[in-house]
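Step one of this worksheet: look at the structure below.
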Amino acid sequence: MQFIENLRLALTSIAANKMRSVLTMLGIIIGISAVIMITTIGTSIQKTLVNTFNSIGNMNYFDVYAQVSYGLLDENGDEIIADYTDEDLLTRQMLDKLVDTYPDYFYLNLSDSFGGFELKNWKDQTFKASVIGRMSFEGDNDIKFIRGRRINKTDSDLKKQVVNVSTLFVKQYLPPDADPIGQTITTELGDFVIVGVFELPAIYTKQIYKPGQKDIEKVTPVYIPYDTGMKLTYQESSYDYYASIYYYPEYDVEMLENTLRDFFAEEYAEKPYMHVEIENMQTYLGMINTVINVVTIAISIIAAISLIVGGVGVMNIMLVSITERTKEIGVRKALGAQNSAIRMQFVVEAILLCLIGGIIGIILGIVGGMALGFIAKQLVMNFYAEYAELFTITIQPSIPAILISVGFSILTGVFFGYYPANKAAKMNPIDALRYD
Amino acid sequence: MNKTVIEMRNIIKRYYIGQPNELQILNGISLDIHEHEFVSIVGQSGSGKSTLMNMIGALDRPTEGTYLLNGMDISTLDDYELSHIRNQEIGFVFQTFNLISRTNALKNVEMPMMYAGIPRKKRLARAMELLEIVGMADRADHQPNELSGGQKQRVAIARAMANKPSILLADEPTGALDSKTGRMIMDLFHKLHDEEGTTIVLITHSNELAAETERIITISDGNVISDTGVKA
């Protein structure tokens, strides 16, 4: 009950000195709004990154790079001579062994380009296609099939000569109204049977093809099973410095990475000058998030310093207010106000001052942060208009930051209000009554 | 004989104890004030009457001697208990009214009851009743700066009466008023004394005002030099 009274008293007192109250709050307003603005931008960048990455497709793979170490010493202190050959790089056998050893953890989703080929159509016109080998379309959300089926791992394992082509390819290759499924295309690599037709992703029409370019001049991708391509190009026992290894996301990424590391360490046990470096998009994303978090928190802390300045301002004005109201305090005490009641009155006033400042700061911060976010969004969209579809820009204030700010405002009020309030509470009523 | 409200024995008040400028203001005052009395304490400035008033009003504790207020020994109470005594037993009326600014007359009268923890509805009813008694009911929602001196003092008297105190302690209540309004305030005190049976202690330097009361206690140099005694 007395709390409500105190709240009313505090409001009256703040309203009685509007200008002074606003100036007092300024420090809090600036501090809180800066923190909210920064965290809004930080949160928006994070959300944008996550959403953009998610829209790109399956990120659950490791990049494995075979590396040669130079200048290593053996146990006798002699330099290990790194006379490596291509055969020391990552081999397909190694990758197959990995997948066979850990079928629950890893799978291969290899892909490669087998170059461009010229083809002849029903009207004997020449057009070009680029041949890409892949094991599946997993995670490739951009490609939509409208006829037939996708090539898959089984096609690759059995080295079937099947192909997926685009609607544009169908237009280029076959007479109108012809059924593409089951048709054969002849390339320098061999003959392939069309088993599925997909729609070209927008990026081709928007960026790769020039405006006004004739359909017959456009190069479309055609997809064949990866291992079919490897066989037809005699690369079955090839070596590579790089491989991407997919994993099932239900497992802990760090554990999987360690498993991979151990596996390759074992594989290269005989070749101490070889090692692998493993990278992972989720880890990158995590690292980027950590960096953004650290930067956001660091800048927020710097901004929060102005809260201390604001708090000192509140303390200062409370001390002034208490001196001005010494007589009132004396009267209240003479009327029977307990020390605790006087203390509460002024602490509530300080809290209210900070809380109002905090709320104004939060509103300004949200408005400012969102405005900056939208300006940034417009700039990005204008500068990179051609990639606009790739971005999923999300602008969103940080809810935890808002809650923390409210709490922090109250805390500032209590912290910087307590000393003046206690001073008021401890006043000697006789001296206070006599004060002019 | 009515019940004794104030019983003071050999009250001594010293300031700056143990320092070279040690000062003794009250030199062993003893006095009794009874229920329903209208007493004036008179003295020149510097006589110690303000110190005595602070003592009676439980704003201060004596250095030596005993002060029993309704049988309670004030000199042994802590700050919290003293504030309770001031709230329940004493009604202060000040020379400069001391209404809380930016707070209307009604709220000012409510204030002692708020500190007593009386519920809002009850407070409001009692405050209105008191404003009625002092003839200020029609000004209940006025701010202090919208009231004249006499009106302020009447609100202040209503406030002093809020918790039905044992004593109304008035310190030069007409000192800041012109003679006409001063007269009205004195009439109000007489009315409260006659009709409500309020015990009133009036601190004044004016012999004229003191003459209106039932009993005059004169203070000089920290001693009671005369006391007209309890009216029979």
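None of the figures in this text is laboratory data; all of them are computed from the coordinates on show. Because the structure is a prediction, the values reported are computed rather than measured. Note: ideal-geometry Cβ built from the backbone for every residue, glycine included; neighbour counts use all protein chains shown.
Counts of other chain beta carbons within 10 angstrom of each beta carbon in peptide A:8-14 average 2. The phi torsions of the range A:23-36, fed into the Karplus equation with coefficients 6.51, -1.76 and 1.60 and a -60° offset, translate into couplings of 4, 5, 6, 3, x, 5, 4, 5, x, 5, 5, 5, 4, 5 Hz, rounded to whole numbers, with Gly and Pro shown as x.
Once the C-beta distance of B:ALA116 and A:ASN293 is scaled by a Förster radius of 60 Å, the resulting FRET efficiency is 0.65 to the nearest 0.05. Here the range A:294-326 and the range A:93-126 have alpha carbon centers that stand 63 Å from each other.
Kindly identify the range A:107-232 as rounded, prolate or oblate by the Cα gyration tensor criterion: order the square roots of the eigenvalues as a ≥ b ≥ c, call it rounded if a/c is under 1.5, otherwise compare a/b with b/c, prolate if a/b is larger, else oblate. Prolate shape, in that a/c is at least 1.5 and a/b is the bigger ratio.
Phi angles of the range A:288-300 translate, via the Karplus equation with coefficients 6.51, -1.76, 1.60 and θ = phi - 60°, into HN-Hα couplings of 4, 4, 4, 4, 4, 4, 4, 4, 4, 5, 4, 5, 4 Hz per residue; Gly and Pro are given as x. Here the protein assembly as shown is treated as an ellipsoid with the same Cα gyration tensor; its semi-axes, largest first and in whole Å, are 96, 29, 18. Estimated at 0.36 nm per residue, the fully extended path between A:THR323 and A:VAL22 surpasses their Cα-Cα distance by 106.4 nm. Cα centroid separation, the range A:342-375 to the range B:161-214: 50 Å. On the beta carbon distance between A:ASN58 and A:LYS144, with R0 = 25 Å, the FRET formula returns roughly 0.95. Against the main long axis of the alpha-carbon atoms of chain A, helix A:92-101 sits at an angle near 60°.
Taking trypsin sites (Lys or Arg not before Pro) across the range A:174-253, the ones in a DSSP loop with at most 12 further Cβ atoms lying within 10 angstrom of their Cβ are A:LYS214.
The mean number of partner chain beta-carbon atoms within 10 angstrom of a residue's beta-carbon across peptide B:80-86 is 4.
When you filter the chymotrypsin sites (Phe, Trp or Tyr not before Pro) in the range A:189-296 for DSSP loop state and at most 14 other Cβ atoms inside 10 Å of their Cβ, you are left with A:TYR234, A:TYR241.
Here's how it looks for B:VAL224: its modeled amide H is under 5 Å from those of B:SER30, which are all 5 or more places away or on a different chain.
Put simply, the C-alpha atoms of the range A:269-385 give a gyration tensor, and the ellipsoid matching it has half-axes of 54, 22, 11 Å, longest first.
For chain B, the longest principal axis of the alpha carbon atoms and the long axis of helix B:149-160 meet at an angle near 70°.
Phi angles across the range A:313-324 convert, under the Karplus curve 6.51 cos²θ - 1.76 cosθ + 1.60 with θ = phi - 60°, into 3J(HN,Hα) values of x, 4, 4, 4, 5, 5, 5, 4, 4, 5, 5, 4 Hz, Gly and Pro given as x. Counting only other chain Cβ atoms within 10 Å of each residue's Cβ, the peptide A:336-345 averages 5.
Cα centroid separation, the range B:8-65 to the range A:183-198: 116 Å.
For chain A, find the longest principal axis of its Cα atoms and tell me its angle to the long axis of helix A:253-267, 0 to 90°, nearest 10. Roughly 40 degrees between the two axes. Taking each DSSP H run with n ≥ 4 as -39500 (n - 2.57) and averaging over every residue of chain A yields -18000 deg cm²/dmol at 222 nm. Label point of A:THR205 set 7 angstrom out along Cα-Cβ; within the range A:140-159, amide nitrogens under 16 Å from it belong to A:142-146.
Fewest neighbouring Cβ atoms within 10 Å first, the residues B:SER101, A:SER409 line up as B:SER101, A:SER409. Approximating the spin labels as points 7 Å out from Cα along Cα→Cβ, the B:ASP138-to-B:SER30 distance works out to 5.3 nm.
Here is the list for the range B:34-130: trypsin sites (Lys or Arg not before Pro) lying in DSSP coil, each with at most 16 other C-beta atoms within 10 angstrom of its C-beta, are B:ARG102.
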